[in-house]
Amino acid sequence: MSRLAWLNALPLEAARSELRKCCGSRRWVEQLVDARPFGGEDALFGAADAIWAALGREDWLEAFAAHPRIGNKRDVDAKSGTERAWSEGEQAGAARAADATAEALQRANADYEALFGHIYIVCATGKSAEEMLALARARLANDPETELRVAAEEQRRITRIRLRKLLDQETSS
């Protein structure tokens, strides 16, 4: 059975649980579960993007809040199972940061949260700590509405990567 067929066939609560690993917005999860079955991966990714784009500020903030802060090992360690493994992999660049860079990233995180009222969201996959720090500093110059849109796009990219990971896992059935 393909992973897409597996996702299509999952009982409601199991499908919710799997999709919550990809995105922390309850409305996104509910709407994507309701959009099943998907005829192909393009249909899944298209629905995921369309649903995300139609959501609003509160849904986006809920998704952001489900993430560990960039470079915060305690936040990553607070996750479990698949979500922890995915977060560790995504934030590998931050985990390898020199002490000075890690401290600067923590300060940038705090400045960002104080300014925008939500955690700094960046698609960290493949990025070094220095790249994430530079992006955080640059994004501090955004106005709140622009930054919300930038963060929402970063979340969309993270969600796509995680959906891909979900589809690429070994099937237990």
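The values are calculated or read from the model by the stated rules, or taken from the named source; none is laboratory data. None of the values given here were measured: they were computed from a predicted structure. Cβ placement follows ideal geometry from the backbone for every residue including glycine, while neighbour counts extend to all protein chains displayed.
At pLDDT below 95 and either of a type in the set (Lys, Arg) or touching a Pro at 6+ places or on another chain (Cβ under 6 Å) (or both): which single residue out of Arg69, Arg57 fits that description?
Values: Arg57 fails: at pLDDT below 95.
On inspection, the qualifying residue turns out to be Arg69.
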Only one of Arg96, Arg160 is charged (D, E, K, R) and exposed (fewer than 14 other Cβ atoms within 10 Å of the Cβ), namely Arg96
Answer yes or no: is there a residue in the range 121-134 that is over 30 Å from Leu32 (Cβ atoms), exposed (fewer than 13 other Cβ atoms within 10 Å of the Cβ) and either of a type in the set (A, V, I, L, M) or touching a Pro at 6+ places or on another chain (Cβ under 9 Å) (or both).
-> no
The range 99-120 - residue that is in contact (Cβ under 8 Å) with a residue 12 or more places away in the chain and hydrophobic (A, V, I, L, M, F, W, C) and, of those, surrounded by the most Cβ atoms within 10 Å (Cβ to Cβ) | Leu105
Which numbered condition Ala54 fails, given (1) touching a helix residue (DSSP H, G or I) at 6+ places or on another chain (Cβ under 9 Å); (2) in contact (Cβ under 8 Å) with a residue 24 or more places away in the chain = (2)
Within the bounds of the range 154-172, is there any residue that is in a loop (DSSP other than H, G, I, E, B), closer than 27 Å to Asn8 by Cα and touching a residue at least 40 places away in the same chain (Cβ under 8 Å)?
-> yes
Search the range 4-36 for residues being among the hydrophobic types (A, V, I, L, M, F, W, C) and farther than 17 Å from Thr159 by Cα, and hand back the single one that is surrounded by the fewest Cβ atoms within 10 Å (Cβ to Cβ).
-> Leu12
Considering the range 37-57 alone, what residues qualify as being within 21 Å of Ser2 (Cβ to Cβ) and either crowded, with 17+ Cβ neighbours inside 10 Å or touching a Cys at 6+ places or on another chain (Cβ under 7 Å) (or both)?
-> Phe38, Leu44, Ala48
Among the listed residues Glu153, Glu131, which satisfies the condition of being outside the structural domain of Leu7 (by TED's automatic domain parsing) and more than 22 Å from Ala47 (Cα to Cα)?
-> Glu131
